[in-house]
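Data first, discussion second: the structure below is written as C-alpha coordinates.
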Amino acid sequence: DHRFSVVPTAPPDAILGLTDAFNADTNPNKMNLSVGVYKDATGQTPVLQSVKAAEQKLLSNEKTKGYLSIGGLQDYCDHVRTLAFGDQVPAERVAVLQTPGGTGALRVAADFLKTQLPGAKVWIPTPTWDNHRAIFDAALLPNDGYRYLAADRTSLDLDAMVADLREKASPGDTVLLHGCCHNPTGIDPTAEQWKVIADVIAERRLLPLIDFAYQGFGDGLEADAVGLRTVMDRVDEAMVCTSFSKNFGLYSERVGAVSLVAAQASEAAAANSQLKRMVRTNYSNPPRHGGAIVATILSDPELTAIWKSELDTMRNRITQLRQQFVETMKTTGAGHDFSFLLPQKGMFSYSGLTPMQVDELKQKYGIYIVGSGRINVAGMSESNMQSLCDAVASVLE
Ligand code: PMP
(Lines give C-alpha, C1' and ligand atoms only; values in the text may rest on other atoms or scores of the structure.)
Protein backbone atom coordinates (compact mmCIF):
# COMPACT_ATOMS: atom_id res chain seq x y z
CA ASP A 1 0.00 0.00 0.00
CA HIS A 2 1.12 3.50 -0.88
CA ARG A 3 1.29 6.05 1.91
CA PHE A 4 0.37 8.85 -0.49
CA SER A 5 -2.74 7.03 -1.66
CA VAL A 6 -4.59 8.74 1.17
CA VAL A 7 -3.74 12.21 -0.16
CA PRO A 8 -6.77 13.72 -1.87
CA THR A 9 -6.43 16.05 -4.85
CA ALA A 10 -6.80 19.69 -3.85
CA PRO A 11 -9.16 21.87 -5.86
CA PRO A 12 -7.39 24.08 -8.42
CA ASP A 13 -6.78 27.71 -7.46
CA ALA A 14 -9.96 29.57 -8.45
CA ILE A 15 -8.13 32.10 -10.60
CA LEU A 16 -4.91 30.40 -11.67
CA GLY A 17 -6.98 27.28 -12.46
CA LEU A 18 -9.02 29.33 -14.93
CA THR A 19 -5.83 30.20 -16.77
CA ASP A 20 -5.05 26.49 -17.16
CA ALA A 21 -8.50 26.03 -18.68
CA PHE A 22 -7.92 29.08 -20.87
CA ASN A 23 -4.61 27.72 -22.15
CA ALA A 24 -6.29 24.43 -23.04
CA ASP A 25 -9.16 26.16 -24.90
CA THR A 26 -8.83 25.85 -28.69
CA ASN A 27 -11.19 28.74 -29.51
CA PRO A 28 -9.09 31.10 -31.69
CA ASN A 29 -10.96 34.15 -30.33
CA LYS A 30 -10.54 33.24 -26.66
CA MET A 31 -9.93 36.06 -24.17
CA ASN A 32 -8.48 35.79 -20.68
CA LEU A 33 -10.00 38.45 -18.42
CA SER A 34 -9.36 36.52 -15.23
CA VAL A 35 -5.80 36.64 -13.91
CA GLY A 36 -4.56 40.05 -12.73
CA VAL A 37 -1.79 40.81 -15.16
CA TYR A 38 -1.37 43.99 -17.22
CA LYS A 39 -1.32 43.60 -21.00
CA ASP A 40 -0.40 46.12 -23.68
CA ALA A 41 -2.18 46.66 -27.02
CA THR A 42 -0.41 43.64 -28.50
CA GLY A 43 -1.60 41.37 -25.70
CA GLN A 44 1.84 41.12 -24.12
CA THR A 45 2.88 41.68 -20.53
CA PRO A 46 5.98 43.67 -21.41
CA VAL A 47 9.24 44.07 -19.53
CA LEU A 48 9.41 47.81 -18.80
CA GLN A 49 12.21 49.80 -20.47
CA SER A 50 13.30 51.08 -17.07
CA VAL A 51 13.57 47.49 -15.84
CA LYS A 52 15.60 46.40 -18.90
CA ALA A 53 17.98 49.32 -18.40
CA ALA A 54 18.37 48.54 -14.69
CA GLU A 55 19.03 44.88 -15.49
CA GLN A 56 21.74 45.84 -17.95
CA LYS A 57 23.43 47.94 -15.28
CA LEU A 58 23.12 45.12 -12.75
CA LEU A 59 24.48 42.53 -15.11
CA SER A 60 27.65 44.51 -15.81
CA ASN A 61 28.20 45.53 -12.19
CA GLU A 62 27.21 42.35 -10.36
CA LYS A 63 30.02 41.02 -8.20
CA THR A 64 28.47 38.23 -6.17
CA LYS A 65 25.56 35.88 -5.79
CA GLY A 66 26.15 35.75 -2.05
CA TYR A 67 23.12 35.72 0.24
CA LEU A 68 21.32 38.94 1.09
CA SER A 69 20.70 39.64 4.75
CA ILE A 70 17.42 38.32 6.17
CA GLY A 71 15.75 41.68 5.64
CA GLY A 72 17.06 42.15 2.11
CA LEU A 73 18.71 45.14 0.43
CA GLN A 74 18.88 48.24 2.61
CA ASP A 75 18.49 50.84 -0.17
CA TYR A 76 15.54 48.87 -1.55
CA CYS A 77 13.88 48.95 1.87
CA ASP A 78 14.48 52.71 2.11
CA HIS A 79 12.72 53.23 -1.23
CA VAL A 80 9.81 51.04 -0.13
CA ARG A 81 9.36 53.23 2.93
CA THR A 82 9.53 56.47 0.97
CA LEU A 83 7.06 55.32 -1.70
CA ALA A 84 4.52 54.31 0.91
CA PHE A 85 4.93 56.92 3.63
CA GLY A 86 6.76 59.82 1.95
CA ASP A 87 8.38 61.62 4.85
CA GLN A 88 5.33 61.22 7.07
CA VAL A 89 6.96 58.77 9.48
CA PRO A 90 10.58 59.00 10.74
CA ALA A 91 12.72 56.18 9.36
CA GLU A 92 13.77 54.92 12.78
CA ARG A 93 10.15 54.06 13.61
CA VAL A 94 9.76 51.87 10.53
CA ALA A 95 11.05 48.32 10.09
CA VAL A 96 11.10 47.25 6.42
CA LEU A 97 12.02 43.79 5.13
CA GLN A 98 12.26 42.84 1.47
CA THR A 99 10.03 39.81 0.80
CA PRO A 100 9.23 37.49 -2.12
CA GLY A 101 6.28 39.47 -3.49
CA GLY A 102 3.30 40.90 -1.67
CA THR A 103 2.25 37.35 -0.87
CA GLY A 104 5.50 36.76 1.01
CA ALA A 105 4.96 40.03 2.87
CA LEU A 106 1.44 39.00 3.89
CA ARG A 107 2.64 35.62 5.14
CA VAL A 108 5.47 37.16 7.17
CA ALA A 109 3.01 39.69 8.59
CA ALA A 110 0.57 36.90 9.43
CA ASP A 111 3.25 34.82 11.20
CA PHE A 112 4.35 37.91 13.11
CA LEU A 113 0.81 38.81 14.22
CA LYS A 114 0.04 35.22 15.19
CA THR A 115 3.11 34.89 17.39
CA GLN A 116 3.59 38.42 18.72
CA LEU A 117 0.00 39.60 19.23
CA PRO A 118 -1.65 36.35 20.30
CA GLY A 119 -5.41 36.36 20.41
CA ALA A 120 -5.84 39.26 18.01
CA LYS A 121 -8.06 38.68 15.00
CA VAL A 122 -7.65 40.05 11.49
CA TRP A 123 -10.69 41.67 9.89
CA ILE A 124 -10.76 41.44 6.11
CA PRO A 125 -13.14 43.13 3.66
CA THR A 126 -15.97 41.16 2.08
CA PRO A 127 -15.14 40.47 -0.63
CA THR A 128 -11.36 40.49 -0.80
CA TRP A 129 -8.54 38.83 -2.70
CA ASP A 130 -9.15 35.11 -2.05
CA ASN A 131 -5.59 34.55 -0.93
CA HIS A 132 -5.97 36.86 2.07
CA ARG A 133 -8.09 34.39 3.96
CA ALA A 134 -6.04 31.45 2.70
CA ILE A 135 -2.77 33.01 3.90
CA PHE A 136 -4.18 33.90 7.31
CA ASP A 137 -5.70 30.43 7.66
CA ALA A 138 -2.38 28.85 6.72
CA ALA A 139 -0.69 30.93 9.45
CA LEU A 140 -3.44 29.86 11.89
CA LEU A 141 -4.26 33.52 12.35
CA PRO A 142 -7.92 34.02 13.30
CA ASN A 143 -9.75 36.10 10.71
CA ASP A 144 -13.24 37.28 9.94
CA GLY A 145 -14.95 39.50 7.39
CA TYR A 146 -16.19 43.06 7.68
CA ARG A 147 -18.79 44.32 5.23
CA TYR A 148 -17.37 46.36 2.35
CA LEU A 149 -19.36 45.99 -0.88
CA ALA A 150 -22.88 47.41 -0.88
CA ALA A 151 -25.83 45.22 -1.85
CA ASP A 152 -25.97 46.91 -5.28
CA ARG A 153 -22.45 45.48 -5.85
CA THR A 154 -21.35 48.79 -7.40
CA SER A 155 -20.36 50.86 -4.35
CA LEU A 156 -18.77 50.84 -0.93
CA ASP A 157 -21.12 50.40 2.03
CA LEU A 158 -19.22 52.72 4.33
CA ASP A 159 -21.85 52.63 7.08
CA ALA A 160 -21.74 48.84 7.24
CA MET A 161 -17.95 48.81 7.19
CA VAL A 162 -17.75 51.32 10.01
CA ALA A 163 -20.44 49.52 12.01
CA ASP A 164 -18.53 46.23 11.75
CA LEU A 165 -15.22 47.79 12.73
CA ARG A 166 -16.88 49.55 15.62
CA GLU A 167 -19.09 46.77 16.91
CA LYS A 168 -17.47 43.49 15.91
CA ALA A 169 -13.73 44.18 16.01
CA SER A 170 -12.16 44.36 19.46
CA PRO A 171 -9.48 46.88 20.39
CA GLY A 172 -6.16 45.26 19.52
CA ASP A 173 -7.53 43.45 16.48
CA THR A 174 -6.03 44.03 13.06
CA VAL A 175 -7.95 45.41 10.10
CA LEU A 176 -6.80 44.63 6.59
CA LEU A 177 -7.31 47.49 4.13
CA HIS A 178 -6.53 47.64 0.43
CA GLY A 179 -4.34 50.73 0.05
CA CYS A 180 -5.84 51.38 -3.39
CA CYS A 181 -7.42 49.55 -6.35
CA HIS A 182 -9.45 47.15 -4.22
CA ASN A 183 -9.20 43.60 -5.52
CA PRO A 184 -11.68 42.24 -6.67
CA THR A 185 -14.15 45.15 -6.82
CA GLY A 186 -12.14 48.18 -8.04
CA ILE A 187 -14.14 50.17 -5.48
CA ASP A 188 -11.99 52.36 -3.23
CA PRO A 189 -13.01 54.72 -0.44
CA THR A 190 -12.95 58.40 -1.42
CA ALA A 191 -10.56 60.72 0.42
CA GLU A 192 -13.43 61.76 2.69
CA GLN A 193 -14.39 58.15 3.39
CA TRP A 194 -10.78 57.32 4.26
CA LYS A 195 -10.97 59.94 7.01
CA VAL A 196 -14.02 58.25 8.48
CA ILE A 197 -12.31 54.85 8.29
CA ALA A 198 -9.10 56.21 9.83
CA ASP A 199 -11.09 57.79 12.68
CA VAL A 200 -12.75 54.48 13.52
CA ILE A 201 -9.42 52.66 13.41
CA ALA A 202 -7.88 55.21 15.79
CA GLU A 203 -10.91 55.36 18.07
CA ARG A 204 -11.16 51.56 18.33
CA ARG A 205 -7.39 51.09 18.66
CA LEU A 206 -7.29 48.72 15.69
CA LEU A 207 -4.01 47.91 13.95
CA PRO A 208 -4.17 48.81 10.26
CA LEU A 209 -2.60 46.23 7.93
CA ILE A 210 -2.50 47.86 4.54
CA ASP A 211 -2.13 45.70 1.46
CA PHE A 212 -0.49 47.96 -1.09
CA ALA A 213 -0.23 45.98 -4.32
CA TYR A 214 -1.31 48.52 -6.94
CA GLN A 215 0.28 51.87 -6.08
CA GLY A 216 0.17 53.96 -9.26
CA PHE A 217 -2.56 51.93 -10.97
CA GLY A 218 -5.46 54.00 -9.58
CA ASP A 219 -4.88 57.73 -9.80
CA GLY A 220 -1.07 57.94 -9.59
CA LEU A 221 1.75 57.13 -7.18
CA GLU A 222 1.08 59.87 -4.64
CA ALA A 223 -2.70 59.99 -5.09
CA ASP A 224 -2.90 56.25 -4.44
CA ALA A 225 -1.14 56.70 -1.10
CA VAL A 226 -3.81 59.08 0.21
CA GLY A 227 -5.68 56.37 2.09
CA LEU A 228 -2.55 55.04 3.74
CA ARG A 229 -1.38 58.54 4.66
CA THR A 230 -4.78 59.47 6.03
CA VAL A 231 -4.68 56.44 8.29
CA MET A 232 -1.10 57.24 9.33
CA ASP A 233 -2.19 60.77 10.28
CA ARG A 234 -4.31 59.24 13.00
CA VAL A 235 -2.35 56.24 14.28
CA ASP A 236 1.27 55.65 15.18
CA GLU A 237 1.33 51.88 14.65
CA ALA A 238 0.62 50.03 11.41
CA MET A 239 1.82 47.37 8.99
CA VAL A 240 2.05 47.63 5.21
CA CYS A 241 2.50 44.85 2.67
CA THR A 242 3.98 46.20 -0.55
CA SER A 243 4.04 44.43 -3.90
CA PHE A 244 5.93 45.70 -6.95
CA SER A 245 4.62 42.89 -9.16
CA LYS A 246 2.18 45.16 -10.98
CA ASN A 247 3.63 48.67 -10.92
CA PHE A 248 7.08 47.50 -12.04
CA GLY A 249 5.75 44.57 -14.10
CA LEU A 250 8.05 42.29 -12.07
CA TYR A 251 5.51 39.53 -11.42
CA SER A 252 7.84 36.55 -11.71
CA GLU A 253 10.75 38.19 -9.90
CA ARG A 254 8.80 38.18 -6.62
CA VAL A 255 9.41 41.67 -5.28
CA GLY A 256 7.65 42.93 -2.19
CA ALA A 257 8.18 44.15 1.33
CA VAL A 258 6.64 44.07 4.76
CA SER A 259 6.82 47.31 6.74
CA LEU A 260 5.97 47.84 10.36
CA VAL A 261 5.52 51.26 11.92
CA ALA A 262 5.99 51.36 15.69
CA ALA A 263 5.32 54.21 18.09
CA GLN A 264 8.99 54.24 19.13
CA ALA A 265 12.29 53.43 17.46
CA SER A 266 13.16 50.79 20.10
CA GLU A 267 9.86 49.02 19.45
CA ALA A 268 10.46 49.08 15.70
CA ALA A 269 13.86 47.48 16.28
CA ALA A 270 12.41 44.71 18.45
CA ALA A 271 9.63 44.06 15.95
CA ASN A 272 12.23 43.96 13.19
CA SER A 273 14.12 41.23 15.04
CA GLN A 274 10.94 39.16 15.30
CA LEU A 275 10.05 39.70 11.65
CA LYS A 276 13.51 38.39 10.78
CA ARG A 277 12.81 35.24 12.78
CA MET A 278 9.66 34.68 10.73
CA VAL A 279 11.66 35.04 7.52
CA ARG A 280 14.50 32.82 8.71
CA THR A 281 12.23 29.81 9.26
CA ASN A 282 10.26 30.42 6.10
CA TYR A 283 12.61 31.23 3.18
CA SER A 284 15.72 32.39 5.08
CA ASN A 285 16.35 35.50 2.99
CA PRO A 286 14.81 37.11 -0.09
CA PRO A 287 15.91 36.76 -3.73
CA ARG A 288 18.17 39.60 -4.84
CA HIS A 289 17.37 40.29 -8.47
CA GLY A 290 13.92 41.92 -8.35
CA GLY A 291 14.76 44.08 -5.35
CA ALA A 292 18.01 45.13 -6.98
CA ILE A 293 16.10 46.19 -10.10
CA VAL A 294 13.71 48.35 -8.11
CA ALA A 295 16.53 49.88 -6.05
CA THR A 296 18.55 50.61 -9.19
CA ILE A 297 15.61 52.37 -10.83
CA LEU A 298 14.62 54.38 -7.79
CA SER A 299 18.21 55.42 -7.03
CA ASP A 300 18.65 56.82 -10.56
CA PRO A 301 16.61 59.97 -11.40
CA GLU A 302 16.65 59.21 -15.13
CA LEU A 303 15.43 55.63 -14.71
CA THR A 304 12.88 56.80 -12.16
CA ALA A 305 11.48 59.28 -14.69
CA ILE A 306 11.23 56.55 -17.32
CA TRP A 307 9.54 54.18 -14.87
CA LYS A 308 7.02 56.83 -13.82
CA SER A 309 6.05 57.52 -17.40
CA GLU A 310 5.71 53.79 -18.08
CA LEU A 311 3.49 53.49 -15.02
CA ASP A 312 1.40 56.44 -16.28
CA THR A 313 1.04 54.65 -19.61
CA MET A 314 -0.21 51.46 -17.96
CA ARG A 315 -2.66 53.36 -15.77
CA ASN A 316 -4.00 55.49 -18.61
CA ARG A 317 -4.45 52.48 -20.83
CA ILE A 318 -6.54 50.72 -18.18
CA THR A 319 -8.67 53.83 -17.71
CA GLN A 320 -9.21 54.10 -21.46
CA LEU A 321 -10.16 50.45 -21.82
CA ARG A 322 -12.67 50.80 -19.00
CA GLN A 323 -14.22 53.83 -20.71
CA GLN A 324 -14.18 52.10 -24.07
CA PHE A 325 -15.96 49.07 -22.61
CA VAL A 326 -18.69 51.26 -21.11
CA GLU A 327 -19.11 53.18 -24.39
CA THR A 328 -19.10 50.08 -26.58
CA MET A 329 -21.64 48.33 -24.33
CA LYS A 330 -24.00 51.29 -24.96
CA THR A 331 -23.86 50.66 -28.70
CA THR A 332 -24.77 46.96 -28.43
CA GLY A 333 -28.37 47.71 -27.62
CA ALA A 334 -28.24 45.42 -24.59
CA GLY A 335 -29.89 48.21 -22.60
CA HIS A 336 -27.53 47.67 -19.69
CA ASP A 337 -25.60 50.74 -18.53
CA PHE A 338 -22.10 49.93 -17.28
CA SER A 339 -21.29 53.53 -16.27
CA PHE A 340 -20.90 52.36 -12.68
CA LEU A 341 -17.54 50.94 -13.77
CA LEU A 342 -16.12 54.40 -14.53
CA PRO A 343 -15.14 55.46 -10.98
CA GLN A 344 -13.57 52.06 -10.26
CA LYS A 345 -9.80 51.98 -9.82
CA GLY A 346 -7.08 49.68 -11.03
CA MET A 347 -7.06 46.54 -13.08
CA PHE A 348 -10.24 45.00 -11.73
CA SER A 349 -13.93 45.72 -12.00
CA TYR A 350 -16.91 43.97 -10.59
CA SER A 351 -19.07 43.67 -13.68
CA GLY A 352 -22.25 42.47 -12.00
CA LEU A 353 -22.30 39.43 -14.32
CA THR A 354 -23.75 36.39 -12.61
CA PRO A 355 -21.94 33.04 -12.34
CA MET A 356 -24.32 31.68 -15.00
CA GLN A 357 -23.52 34.50 -17.40
CA VAL A 358 -19.81 34.07 -16.69
CA ASP A 359 -20.13 30.38 -17.48
CA GLU A 360 -21.98 31.09 -20.72
CA LEU A 361 -19.25 33.51 -21.80
CA LYS A 362 -16.70 30.78 -21.28
CA GLN A 363 -18.65 27.98 -22.98
CA LYS A 364 -19.92 29.95 -25.96
CA TYR A 365 -17.22 32.52 -26.59
CA GLY A 366 -14.05 31.36 -24.83
CA ILE A 367 -14.16 34.48 -22.66
CA TYR A 368 -12.73 33.74 -19.22
CA ILE A 369 -13.93 35.83 -16.25
CA VAL A 370 -13.78 34.94 -12.55
CA GLY A 371 -17.04 33.46 -11.26
CA SER A 372 -17.71 36.50 -9.08
CA GLY A 373 -17.94 38.60 -12.25
CA ARG A 374 -14.56 40.20 -11.61
CA ILE A 375 -13.10 41.39 -14.90
CA ASN A 376 -9.45 42.19 -15.46
CA VAL A 377 -9.90 45.35 -17.50
CA ALA A 378 -6.24 45.20 -18.50
CA GLY A 379 -7.01 41.94 -20.33
CA MET A 380 -9.30 43.78 -22.78
CA SER A 381 -7.88 45.29 -25.95
CA GLU A 382 -8.96 47.72 -28.64
CA SER A 383 -9.11 44.87 -31.12
CA ASN A 384 -11.29 42.52 -29.06
CA MET A 385 -13.55 45.19 -27.52
CA GLN A 386 -16.41 44.86 -30.02
CA SER A 387 -16.56 41.07 -29.89
CA LEU A 388 -16.26 41.14 -26.10
CA CYS A 389 -19.15 43.59 -25.80
CA ASP A 390 -21.29 41.67 -28.31
CA ALA A 391 -20.72 38.51 -26.29
CA VAL A 392 -21.52 40.22 -22.99
CA ALA A 393 -24.64 41.74 -24.56
CA SER A 394 -25.77 38.31 -25.73
CA VAL A 395 -25.50 36.73 -22.28
CA LEU A 396 -27.30 39.69 -20.71
CA GLU A 397 -30.42 39.07 -22.81
N1 PMP B 1 -2.53 41.65 -2.60
C2 PMP B 1 -3.41 41.81 -3.57
C3 PMP B 1 -4.68 42.55 -3.29
C4 PMP B 1 -3.17 41.28 -4.83
O5 PMP B 1 -4.07 41.43 -5.79
C6 PMP B 1 -1.97 40.58 -5.06
C7 PMP B 1 -1.64 40.00 -6.42
N8 PMP B 1 -2.67 39.41 -7.11
C9 PMP B 1 -1.07 40.46 -4.00
C10 PMP B 1 -1.38 41.01 -2.80
C11 PMP B 1 0.21 39.66 -4.12
O12 PMP B 1 1.09 40.08 -5.04
P13 PMP B 1 2.41 39.28 -5.38
O14 PMP B 1 2.18 38.71 -6.73
O15 PMP B 1 3.45 40.35 -5.37
O16 PMP B 1 2.65 38.25 -4.36
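The values are calculated or read from the model by the stated rules, or taken from the named source; none is laboratory data. None of these values were measured; they are calculated from a predicted model. Every residue, glycine among them, receives a Cβ derived from its backbone with ideal geometry; neighbour counts consider all protein chains shown.
Check segment 361-368 and report whether any residue there is under 18 Å from V37 (Cβ atoms) and within 25 Å of the chain's Cα centre (by Cα).
Taking every residue of segment 361-368 in turn, at least one turns out to be under 18 Å from V37 (Cβ atoms) and within 25 Å of the chain's Cα centre (by Cα).
Please go through segment 230-252 and give me each residue that is assigned to a helix (DSSP H, G or I) and farther than 21 Å from R315 by Cα, ordered by number.
Once the filter is applied, which keeps residues that are assigned to a helix (DSSP H, G or I) and farther than 21 Å from R315 by Cα, segment 230-252 yields T230, V231, M232, D233, R234.
Which of the residues spanning segment 2-25 are assigned to a loop (DSSP other than H, G, I, E, B) and of a type in the set (G, A, S)?
Scanning segment 2-25 gives A10, A14.
Test each condition in (1) part of a helix (DSSP H, G or I); (2) closer than 30 Å to N143 by Cβ for L58 and report the one that comes out false.
Among (1) part of a helix (DSSP H, G or I); (2) closer than 30 Å to N143 by Cβ, L58 violates only (2).
Where the second residue is part of a helix (DSSP H, G or I) and of a type in the set (A, V, I, L, M) and the first is within 15 Å of S284 (Cα to Cα) and lies in segment 96-107, which pairs have Cβ atoms under 6 Å and are six or more apart or on separate chains?
Pairs that qualify, where the first residue is within 15 Å of S284 (Cα to Cα) and the partner is part of a helix (DSSP H, G or I) and of a type in the set (A, V, I, L, M), are L97/L275; T99/A105; T99/V108; R107/I135.
Please verify whether G346 is of a type outside the set (S, T, Y), more than 19 Å from D40 (Cβ to Cβ), crowded, with 21+ Cβ neighbours inside 10 Å and modelled with pLDDT of 95 or more, treating the condition exactly as stated.
When the stated conditions are applied, G346 does not pass them.
Under 7 Å between Cβ atoms, which residue pairs at least 6 apart in sequence (or on different chains) link something in segment 265-292 that is in contact (Cβ under 8 Å) with a residue 40 or more places away in the chain with a partner that is hydroxyl-bearing (S, T, Y) and surrounded by 15 or more Cβ atoms within 10 Å (Cβ to Cβ)?
Sorted first by the residue in segment 265-292, then by its partner, the pairs are P286/T99; G291/Y76.
Can you name the condition, by its number, that K52 falls short on among (1) at pLDDT 95 or above; (2) closer than 25 Å to V240 by Cβ?
(2)
Name the helices (runs of 4 or more DSSP H) wholly within segment 88-197 that hold at least 1 residues that are within 12 Å of the ligand (Cβ to nearest atom), surrounded by fewer than 24 Cβ atoms within 10 Å (Cβ to Cβ) and hydrophobic (A, V, I, L, M, F, W, C)?
Qualifying helices (runs of 4 or more DSSP H): 130-138.
Which one of S284, S266 is part of a loop (DSSP other than H, G, I, E, B), more than 22 Å from the chain's Cα centre (by Cα) and away from the ligand (no atom under 14 Å from the Cβ)?
S284
Within the group A292, A271, which residue is touching a helix residue (DSSP H, G or I) at 6+ places or on another chain (Cβ under 9 Å), away from the ligand (no atom under 12 Å from the Cβ) and either assigned to a loop (DSSP other than H, G, I, E, B) or closer than 30 Å to T45 by Cα (or both)?
Testing whether each residue is touching a helix residue (DSSP H, G or I) at 6+ places or on another chain (Cβ under 9 Å), away from the ligand (no atom under 12 Å from the Cβ) and either assigned to a loop (DSSP other than H, G, I, E, B) or closer than 30 Å to T45 by Cα (or both) leaves just A292.
Could you list all residues from segment 207-260 that are of a type outside the set (S, T, N, Q) and within 9 Å of the ligand (Cβ to nearest atom)?
Within segment 207-260, D211, F212, A213, Y214, C241, F244, K246, L250, Y251, R254, V255, G256 qualify.
Please find, among A334, A378, the residue that is modelled with pLDDT under 95 and part of a helix (DSSP H, G or I).
Of the residues listed, the single one that is modelled with pLDDT under 95 and part of a helix (DSSP H, G or I) is A378.
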